[in-house]
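The values are calculated or read from the model by the stated rules, or taken from the named source; none is laboratory data. Since this is a predicted model, take the numbers as computed values, not measurements. Positions of Cβ are generated from backbone atoms using ideal geometry, with glycine treated the same way; all protein chains shown enter the neighbour counts.
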Amino acid sequence: MSTHLSSRRTATFVAIALAALSIHARADEHGHAARVPLKPLYVQECGSCHVPYPPRMLPTDSWARLMKGLDRHFGTDASLDPADVQALSTWLANEGRRTTGGVPPPEDRISRTTWFGHEHGHIEPSTWRLPSVRTPSNCQACHSTADQGQFGERSLRMPAGLSIRQRAAWDD
Ligand code: HEC
Ligand code: HEC
């Protein structure tokens, strides 16, 4: 009985230690483990056409520009009412990556940041155009828990239809 209890205590301790680690990981600059709890309004409004991208993956000024141009959002109209724009802009300004100067990624895309290039450099370029992937913006094609803001190696999956060559590059 007492050993049972103490193992439960150990489990609780481990859970607390892991939670502390994940808070620590929020400071990471490179979008790794960028585990900010996602605001429900954000998931609802910014997670319907694509995954709700983790706020730490872009600098705050990129988020601000995106939020000002929602009526011309990558060829679509993603307009919201002013109260929602205000609430999400405030949240993104707090949770986005803070930068000291530096050039924002082209088109304010996560998929065109320098770190994204480094993390995905080994992928055969043609892999991005497979019907099962279509675009680098489609994180979910390869990161099965991208919708929950998790991009760790354990949730990686090979998209369907990889050629032998694409598969070899993937495994590198
Ligand atoms: C009506 C559909 C729609 C909604 C709603 C929408 N988006 Fe998008 N978003 C798109 C499309 C389409 C793209 C371009 C995808 C591509 O290039 O394949 C995109 C791309 C993006 C990208 C760049 C992805 C990359 O390549 O790194 C970001 C960041 C983004 N959206 C943020 C948002 C935010 C923030 C909201 C909520 C305020 C939002 N989106 C709501 C359709 C939408
Ligand atoms: C075609 C498949 C594919 C797509 C689409 C894709 N990724 Fe990845 N991603 C990978 C692979 C493969 C790795 C490398 C894992 C490794 O070797 O460590 C990776 C690594 C990462 C990592 C580093 C993970 C870690 O813990 O080291 C992050 C963060 C990441 N991707 C984010 C994204 C985001 C955000 C998107 C969408 C905007 C995206 N990825 C789209 C395949 C993909």
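Restricting region 122-139 to residues that are touching a residue at least 24 places away in the same chain (Cβ under 8 Å) and more than 8 Å from ligand 2 (Cβ to nearest atom) leaves a set whose member that is nearest to the chain's Cα centre (by Cα) is Ser132.
Of all the numbered requirements in (1) of a type in the set (D, E, K, R); (2) surrounded by 16 or more Cβ atoms within 10 Å (Cβ to Cβ); (3) outside the structural domain of Gln44 (by TED's automatic domain parsing), Arg97 misses one, and that requirement is (3).
Pick out the one residue from Ser89, Ser48, Ser79 that is farther than 19 Å from Phe151 by Cβ, near ligand 1 (Cβ under 7 Å from one of its atoms) and at pLDDT 95 or above.
Ser48
Of the listed requirements (1) near ligand 2 (Cβ under 9 Å from one of its atoms); (2) in a helix (DSSP H, G or I); (3) surrounded by 18 or more Cβ atoms within 10 Å (Cβ to Cβ); (4) not aromatic (Phe, Trp, Tyr), Glu119 misses just one: (3). Among the candidates Pro104, Pro82, Pro125, Pro131, the residue that is over 17 Å from Tyr42 (Cα atoms) and either assigned by TED's automatic domain parsing to the domain that holds Cys46 or of a type in the set (Asp, Glu) (or both) is uniquely Pro104. Kindly establish whether Gly152 is away from ligand 1 (no atom under 13 Å from the Cβ) and either modelled with pLDDT of 95 or more or not aromatic (Phe, Trp, Tyr) (or both). For Gly152, the condition - away from ligand 1 (no atom under 13 Å from the Cβ) and either modelled with pLDDT of 95 or more or not aromatic (Phe, Trp, Tyr) (or both) - is met.
Would it be correct to say that Leu66 is in contact with a Phe, Trp or Tyr (Cβ under 7 Å, 6 or more places away or on another chain), within 11 Å of ligand 1 (Cβ to nearest atom), assigned to a helix (DSSP H, G or I) and without any contact (Cβ under 8 Å) to a residue 60 or more places away in the chain?
Judged against the criteria, Leu66 is not a match.
Taken together, Thr99, Thr135 contain a single residue that is of a type in the set (Ser, Thr, Tyr) and touching an Asp or Glu at 6+ places or on another chain (Cβ under 9 Å), which is Thr99. Looking across region 92-147, the residues that are away from ligand 1 (no atom under 11 Å from the Cβ), modelled with pLDDT of 95 or more and β-branched (Val, Ile, Thr) come down to Ile123, Thr127, Thr145.
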